[in-house]
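Since the structure comes first, as structure tokens, the remarks are kept for the end.
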Amino acid sequence: MTPQAQLLKKRHRISAAFKLFCLSVTCLAVSILGILILEVTLLGLPWLNADFLTSFPSRFPEKAGILAGLAGTLWLVTLTAAIAIPIGVLAAVYLEEYAKPGRVATLITINIANLAGVPSIVYGILGLAIFVRFLGLERSVLAGAMTMSLLILPVIIIASREAIKAVPSSLRQVAFALGATRWQVTRDHVLPQAMPGILTGVILALSRAIGETAPLIMIGALTYIAFVPEGPMDEFTALPIQIYNWTSRPQEAFHELASAGIIVLLLVLLIMNATAVWIRYRGSKNKFK
Amino acid sequence: MEQVLRWLFFACAAISVLTTLAVVGVLSIETFNFFQQVPAADFLFGTRWTPLLEPKSYGILPLLFGTTLIVIGAAIVALPVGLACAIYLSEYAGARTRDVVKPILEILAGIPTIVYGFFAITFVTPILRTLIPSTEVFNAASAGIVVGIMVLPMVASLCDDALRAVPNALRDGAYSLGATSFEVTARIVVPASLSGIFAAFVLAISRAIGETMAVTLAAGATPNLTLNPLESIQTMTAYIVQVSLGDTPAGTLSYQTLFAVGAVLFSMTLILNLIANAIMNRYRDVYE
């Protein structure tokens, strides 16, 4: 074999080896999801039963349950949605439909992009200083929901802007030509068209709020709670907080409880994401193109 | 009516700017108060961090070392693996494989961080302790690996975008000169998308610095001036959590440390995010 042919063979061997390397690394990364789910299921599934879902936390693992966390998370996500969705969507409406391109609009856009990259624990510090201490909301669900709203606002605004941007401008022009005001155009034509995209973004943002732990710990949600909150000023705990509490204990039984809690948390997230996919699918079927 | 609504909508958009002002305001006021009692030099260059124990000492270096260890661990895991995933997805995988792998990466990115913290404690740490028996129960390595897994989907997805932005004409040119697929990737595609890849790496590091739950659970609560990843350490984020768990009355010095550390954390991530955005905006112009 000539030296040239040998070199060519070597080059192709290197290339094949590189492809194999990239393939196996990708398989490894993908398999992490499998390992994670398998581990959590093996540890937690035996604990997952009706008692677990309807009991309050306890220092005896066999009596402990997730009810307070589940109820707290429901309260939290409902209040967060009530605060963050109107503000986020209307902010997006302002930036896309009302604002004149200029310094103010650019400033707000850059500001939102930067807020999206702020670590969640910094929002926790903000919530602690402003909502818990300064406004005196104490460790209430409302303080938690306001903190979470600030955290997910950038996500909602960015997603809603994308959805509004995708509405063809011919639609607006027709309505304007018939004498509609800007608000009528937005309310009757732009928002209905953009709704599937907005809802998808909103659901993804809310699932982020459900999974966040650090900001809630900051505002003091890690306390022993053996009741279901009955109003926005009640103290609360949440699913991820309860999981954190159980994981940080040394006993193996509590780790198994934590896995059961994780299964519940992941199921809640799965249901929300499936809804988002369904809305996206339905939205893509009936749309002007 | 129209005018009222315009102002209402403007107010909604202005809330985001107010949030930024509030973050900066809250952090700087309390940090200023903190510096009234602790000299800035002691805070920035001190080597002992014991604000909750006597004798009190407020040197942030141990926390910075802890965070650095986590970042290094995360970078070792996430950067090469993320880039290799992206190269496979963009240069080798067919449309079908992409349709399977990309959603899985999205799911991994959507899993709450507390779940990764659980994974570190119940899966990674026991494996590490079997392999290297001298590993402490709480250690930087386990947390670093898991933070790496956590930011991996983001690295893979951003690098994939960067690689796919390289025009096919460049690849075709190299192939027609007889280059192998490895040579095309390593000498044409990766260099051409280097700025995008670099931006992805910077964002990943920023995310790793701000990560809280996994490091709080797995890395421990001992502010240690060490670079040994098998020891228990404390990161800036874990310290902030530790203070908020205890009963620290507002106005005390230990309450203010929370904001001083938060200010350092916020500035570091903000600077890194700005750098990443600047790089990304520059490279977007190249092929347009």
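Some points to look at:
- A:ALA105 closer than 28 Å to A:GLU235 by Cα and either modelled with pLDDT of 95 or more or not acidic (Asp, Glu) (or both): no
- Which listed residue, of A:PHE60, A:PHE52, is more than 10 Å from every other protein chain (Cβ to nearest Cβ) and within 30 Å of the chain's Cα centre (by Cα): A:PHE52
- Enumeration of residues in the range B:172-183 that are within 14 Å of chain A (Cβ to nearest Cβ) and either charged (D, E, K, R) or not in a helix (DSSP H, G or I) (or both): B:LEU177, B:GLY178, B:ALA179, B:THR180, B:GLU183
- Qualifying residue in the range A:8-26 (condition: touching a helix residue (DSSP H, G or I) at 6+ places or on another chain (Cβ under 7 Å), β-branched (Val, Ile, Thr), without any contact (Cβ under 8 Å) to a residue 40 or more places away in the chain and surrounded by 16 or more Cβ atoms within 10 Å (Cβ to Cβ)): yes
- Residue in the range A:223-232 that is among the hydrophobic types (A, V, I, L, M, F, W, C) and at the interface with chain B (Cβ under 8 Å from one of its Cβ atoms) present: no
- Condition check for B:ALA192: buried (at least 22 other Cβ atoms within 10 Å of the Cβ) and more than 10 Å from chain A (Cβ to nearest Cβ): no
- Hits in the range B:137-163 (condition: among the aliphatic types (A, V, I, L, M) and farther than 17 Å from B:LEU108 by Cα): B:VAL137, B:ALA140, B:ALA141, B:ALA162, B:LEU163
- All of B:ILE60, B:ILE87, B:ILE76 fail the test of being within 23 Å of the chain's Cα centre (by Cα), away from chain A (no Cβ under 14 Å) and of a type in the set (Val, Ile, Thr), apart from B:ILE60.
- Qualifying positions in the range B:184-207 - closer than 15 Å to B:SER90 by Cα and part of a helix (DSSP H, G or I): B:VAL184, B:THR185, B:ALA186, B:ILE188, B:VAL189, B:VAL190, B:PRO191, B:ALA192, B:LEU194, B:GLY196, B:ILE197
- The set of residues in the range B:89-115 being over 18 Å from A:VAL155 (Cβ atoms) and acidic (Asp, Glu) consists of B:GLU91, B:ASP99.
- When the helices (runs of 4 or more DSSP H) confined to the range B:96-167 are screened for residues that are among the charged types (D, E, K, R) and buried (at least 20 other Cβ atoms within 10 Å of the Cβ), those reaching at least 1 such residues are found at B:140-164.
- Reported count of residues in the range A:109-119, each being within 8 Å of chain B (Cβ to nearest Cβ) and in a loop (DSSP other than H, G, I, E, B), is 3.
- Candidate set: the range B:245-283, residues that are surrounded by fewer than 19 Cβ atoms within 10 Å (Cβ to Cβ) and of a type in the set (S, T, N, Q); chosen: the one nearest to B:SER206 (Cα to Cα): B:SER267
- Residue in the range B:206-215 that is touching a residue at least 24 places away in the same chain (Cβ under 8 Å) and charged (D, E, K, R) present: yes
- Residues of the range A:158-184 that turn out to be away from chain B (no Cβ under 11 Å), buried (at least 17 other Cβ atoms within 10 Å of the Cβ) and of a type in the set (Val, Ile, Thr), as a count: 2
- Any hit, the range B:213-223, residues being surrounded by 20 or more Cβ atoms within 10 Å (Cβ to Cβ), away from every other protein chain (no Cβ under 13 Å) and more than 18 Å from the chain's Cα centre (by Cα): yes
- All conditions in (1) touching a Phe, Trp or Tyr at 6+ places or on another chain (Cβ under 7 Å); (2) in a helix (DSSP H, G or I) hold for B:SER232, with the sole exception of (2).
- The range A:121-157, subset within 13 Å of another protein chain (Cβ to nearest Cβ) and in a loop (DSSP other than H, G, I, E, B), residue nearest to A:THR186 (Cα to Cα): A:LEU135
- Breaking point among (1) of a type in the set (A, V, I, L, M, F, W, C); (2) within 12 Å of chain B (Cβ to nearest Cβ); (3) farther than 18 Å from B:MET213 by Cβ; (4) more than 20 Å from the chain's Cα centre (by Cα), for A:ALA258: (3)
- Failed item in (1) loosely packed, with under 15 Cβ neighbours inside 10 Å; (2) touching a helix residue (DSSP H, G or I) at 6+ places or on another chain (Cβ under 7 Å); (3) charged (D, E, K, R), with A:GLU212 passing the rest: (1)
- Residue match in the range B:65-79 (condition: of a type outside the set (Ser, Thr, Tyr) and within 17 Å of B:GLN256 (Cα to Cα)): no
- Set B:VAL26, B:VAL17, B:VAL38: member being farther than 30 Å from B:ILE145 by Cα and away from chain A (no Cβ under 14 Å): B:VAL38
- Each residue in the range B:224-241 was checked for being more than 10 Å from chain A (Cβ to nearest Cβ) and among the small types (Gly, Ala, Ser), and 1 pass.
- Any chance A:THR106 is assigned to a helix (DSSP H, G or I), more than 10 Å from chain B (Cβ to nearest Cβ) and out of contact with any helix residue (DSSP H, G or I) (no Cβ under 8 Å at 6 or more places or on another chain): yes
The values are calculated or read from the model by the stated rules, or taken from the named source; none is laboratory data. Predicted model, so just to flag it, every value in this text is computed and none were measured. Here Cβ is always computed from backbone atoms with ideal geometry, including for glycine, and neighbour counts include all displayed protein chains.
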